[in-house]
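Here's the structure, in structure tokens; my notes come after.
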Amino acid sequence: MSFRSFAASVLLITGIAQAGAARGVRSNKIDEPKRAEPVSVGEGAPDFTLEDMQGNQVTLSAAKGKAPTVLVFYRGYWCPFCAHQLSELRSLLKANEPVRFLAISVDDHEKTKQLMEKIAADGNGPVNYTMLSDPGHKIIDAYGLHDPAYDGKRFDGIPNPAVYVIDKNGSVAWAKVESDYKVRPSNADIRAALESLN
């Protein structure tokens, strides 16, 4: 190969790489979940900032040193088991209890609002906790909850259902990650975990 043809090949390869970068093409390694295993008890809860339904930025660590957090990951607006769980969770906390409650899915704001309206339509009150949208499933991936069974399908990036109780210091005090999407922890289980923090 002559120097001229070698130089032309290098320029061609460089140009293809730059064009790919300009289009946001990323390697498969970057797209892999950040954690292969779910975050577990005793670990620091990965921090994040996500948008609530009113467009406010909600940061997990904002509660550090102030209050424990219940963090729920659910599959999506289309999942009847999630709707049932989220409906039941309205009665989890006592009035004025100093506990932060956040629920996360890949759903966009519009789908989440539809789910909230569906839950409230049962006459037992509105959703009384904060619903957050993680459409790029970055937080789901950071917690090691990504369910690969749905990759490349309509619901790409959804999590295995999970509930975390995070103490005031930002550590995971209790965790329940379900491989069977039909199974969810009871309110009594979560309450016992909260009460064990005192």
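For the reader, a short list of remarks on this structure follows.
- Only strands (runs of 3 or more DSSP E) whose full extent lies in the range 46-130 are considered here, and the ones with at least 2 residues that are surrounded by fewer than 16 Cβ atoms within 10 Å (Cβ to Cβ) are 49-52, 57-59.
- Every pair of residues 6+ apart whose Cβ atoms lie under 6 Å, when the first sits in the range 148-177 and is at positive phi and assigned by TED's automatic domain parsing to the domain that holds R191 while the second is part of a loop (DSSP other than H, G, I, E, B) and buried (at least 16 other Cβ atoms within 10 Å of the Cβ): G157/V106; G157/H137; G170/A45; G170/K64
- For the range 50-109, the set of residues classified as among the small types (G, A, S) and under 16 Å from N128 (Cα atoms) consists of A83, S87, S91, A95, A103, listed by residue number.
- Answer from E195, E117 - the residue that is within 21 Å of K66 (Cα to Cα) and without any contact (Cβ under 8 Å) to a residue 60 or more places away in the chain: E195
- Taken together, the criteria place G76 among residues that are more than 21 Å from D167 (Cα to Cα) and either in contact (Cβ under 8 Å) with a residue 60 or more places away in the chain or over 13 Å from the mean Cα position of the chain (by Cα) (or both).
- Consider the range 184-198 and keep the residues that are part of a loop (DSSP other than H, G, I, E, B) and farther than 20 Å from H84 by Cβ. The one that is modelled with the lowest pLDDT is N198.
- Residues satisfying the stated conditions in the range 52-73, i.e. out of contact with any Asp or Glu (no Cβ under 9 Å at 6 or more places or on another chain) and within 19 Å of K113 (Cα to Cα): D52, M53, Q54, G55, N56, L71, V72
- Scanning the range 149-183 for residues that are among the basic types (K, R), under 29 Å from G65 (Cβ atoms) and assigned to a loop (DSSP other than H, G, I, E, B) yields a single hit, K168.
The values are calculated or read from the model by the stated rules, or taken from the named source; none is laboratory data. Please read all numbers here as calculations on a predicted model, not as lab measurements. Using ideal geometry, Cβ is built from the backbone for each residue, glycine included, and neighbour counts are taken over all protein chains shown.
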